[in-house]
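The values are calculated or read from the model by the stated rules, or taken from the named source; none is laboratory data. All values derive from a computational prediction rather than experimental measurement. Cβ atoms come from the backbone with ideal geometry, glycine included; neighbour counts cover every protein chain shown. Ligands, DNA and RNA are excluded from the accessible area calculation, which covers all protein heavy atoms including side chains. Shrake-Rupley method; radii C 1.70, N 1.55, O 1.52, S 1.80 Å.
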Protein chains: 2
Amino acid sequence: MALEHAILVSLLEQPGSGYELARRFDRSIGYFWTATHQQIYRVLRRMERDGWVEVRDVPQDGRPDKKVYSVAPPGHTALSDWLAEPVEPESVRHSLAVKIRGAAFGDPAGLIAETERHREVHAERLARYLAGEQRDFPESAELDAGQRLQHVVLRGGIAYERMTLDWLDDVLATLRRLGGAPEPH
Amino acid sequence: MALEHAILVSLLEQPGSGYELARRFDRSIGYFWTATHQQIYRVLRRMERDGWVEVRDVPQDGRPDKKVYSVAPPGHTALSDWLAEPVEPESVRHSLAVKIRGAAFGDPAGLIAETERHREVHAERLARYLAGEQRDFPESAELDAGQRLQHVVLRGGIAYERMTLDWLDDVLATLRRLGGAPEPH
DNA sequence: TCGGCCATGTAACACGTTACATGATTCT
DNA sequence: AGAATCATGTAACGTGTTACATGGCCGA
């Protein structure tokens, strides 16, 4: 239910095409809400039908035409309404945790490589977030309300990745102790 | 794709009915993978059809019959196969974060109550996890491999809730500073 | 008597994923 | 020559959510 609202927020920050939105959902907005281009196109069409967004066809030379979407007043109203109503806190979904518990009935040592792979992915994400923070929110900068809100969300992503890295180290230590492979890296 | 494997893990830990599984998905397993009873019944029927689980009808007096499921050898094999193949790390989905960024185009102060509500939910979850830890993993206890793995997963849940609480405090401070409502708590 | 728990299910719909399709441009 | 990027889409399928349905027991 939040995808349309995430799109509204993104389009309010900056109008753009479905393709551009899909790229933003790989960065920025995607830090806390993911979507593929197929989902985005589908929802954009529905939002256009409902009058939440407006389209402007932008011809480009040497490239396919671009449909630039922007938020129409009813879309802005819909976003405000949604902001005012409560949403349930999401629960985590972590298939690696399922695997860890499943390892009791399989091969715990076999999970070490998988856990290390996850650790690398999260380390990369953290590095990306930290680079973004340095770039967009340098110390001693005067920030407006929107930037402060963006920054606090980014700090959430950073905290999440740091916590996850620590936990994965804990998992690795636990798996190594079980498997009798005492080499810590 | 992980629901069937989460069910296999849960049934290996302890055979049970669809209803009992649904209750476990509200606790324990549900700390890192959620499912409603409708999903569970649907998947159980498919798993039974594929020979992954076996059913035993248990008549009960004064209550509806119970279908007690347990893992059959092909199910055990399927779980082992899944454990050996890589899964992609999940991305976070946090609609509150969407709201926070959306607040730049709405009413930031209006989000304070919502954020406090989320904070309470996470504080309760943390308390529940900590109580479970004290109950199931007391210090100085000898733990077998399965228990150690369960414990490290629970520690992940605890770390997640602690991190989230800290972040929500950060969010609240940010929102209060924006709104000019300097009352902390 | 009323709500909650035990126990299973159907139906309809929304959301998310994967595969496929097209076609020009730009970079290596 | 081949791969990546820009740009939009269809089709099929699988997963997740919501509403509804049944029916007896137990405790307040």
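What the table below lists for this structure:
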quantity: Qualifying position, being buried (at least 17 other Cβ atoms within 10 Å of the Cβ) and at the interface with chain A (Cβ under 7 Å from one of its Cβ atoms), among B:92, B:53, B:71, B:121; calculated: B:92
quantity: Residue list for region A:135-151, filter: farther than 22 Å from residue B:177 by Cβ and modelled with pLDDT of 95 or more; calculated: none
quantity: Enumeration of residues in region A:79-105 that are over 22 Å from the mean Cα position of the chain (by Cα) and touching a residue at least 12 places away in the same chain (Cβ under 8 Å); calculated: A:99, A:100, A:103
quantity: Positions within region B:32-49 being more than 8 Å from DNA strand D (Cβ to nearest atom) and either out of contact with any helix residue (DSSP H, G or I) (no Cβ under 7 Å at 6 or more places or on another chain) or not assigned by TED's automatic domain parsing to the domain that holds residue B:7 (or both), in sequence order; calculated: B:45, B:48, B:49
quantity: Among (1) under 24 Å from residue B:36 (Cα atoms); (2) at the interface with another protein chain (Cβ under 7 Å from one of its Cβ atoms); (3) open to solvent by 70 Å² or more (accessible area, probe 1.4 Å), the one test that residue A:85 misses; calculated: (2)
quantity: Residue B:102 being under 20 Å from residue A:2 (Cα atoms), open to solvent by 20 Å² or more (accessible area, probe 1.4 Å) and either within 11 Å of chain A (Cβ to nearest Cβ) or in a helix (DSSP H, G or I) (or both); calculated: no
quantity: Some residue of region B:28-47 being among the basic types (Lys, Arg), open to solvent by 40 Å² or more (accessible area, probe 1.4 Å) and in contact with a Ser or Thr (Cβ under 6 Å, 6 or more places away or on another chain); calculated: no
quantity: Residue check for residue B:119: basic (Lys, Arg), modelled with pLDDT of 95 or more and within 21 Å of the chain's Cα centre (by Cα); calculated: yes
quantity: Criterion (in a helix (DSSP H, G or I) and over 25 Å from the mean Cα position of the chain (by Cα)) met by exactly one of B:149, B:130, B:178; calculated: B:178
quantity: Residue count for region B:59-77, restricted to those that are without any contact (Cβ under 8 Å) to a residue 40 or more places away in the chain and within 15 Å of DNA strand D (Cβ to nearest atom); calculated: 7
quantity: Lone unmet requirement of (1) in contact with a strand residue (DSSP E or B) (Cβ under 7 Å, 6 or more places away or on another chain); (2) modelled with pLDDT of 95 or more for residue B:9; calculated: (1)
quantity: Which listed residue is of a type in the set (A, V, I, L, M), part of a helix (DSSP H, G or I) and open to solvent by 20 Å² or more (accessible area, probe 1.4 Å), from A:141, A:113; calculated: A:113
quantity: Lone qualifier among A:126, A:165, A:154, A:172 - being more than 8 Å from chain B (Cβ to nearest Cβ) and touching a Phe, Trp or Tyr at 6+ places or on another chain (Cβ under 7 Å); calculated: A:154
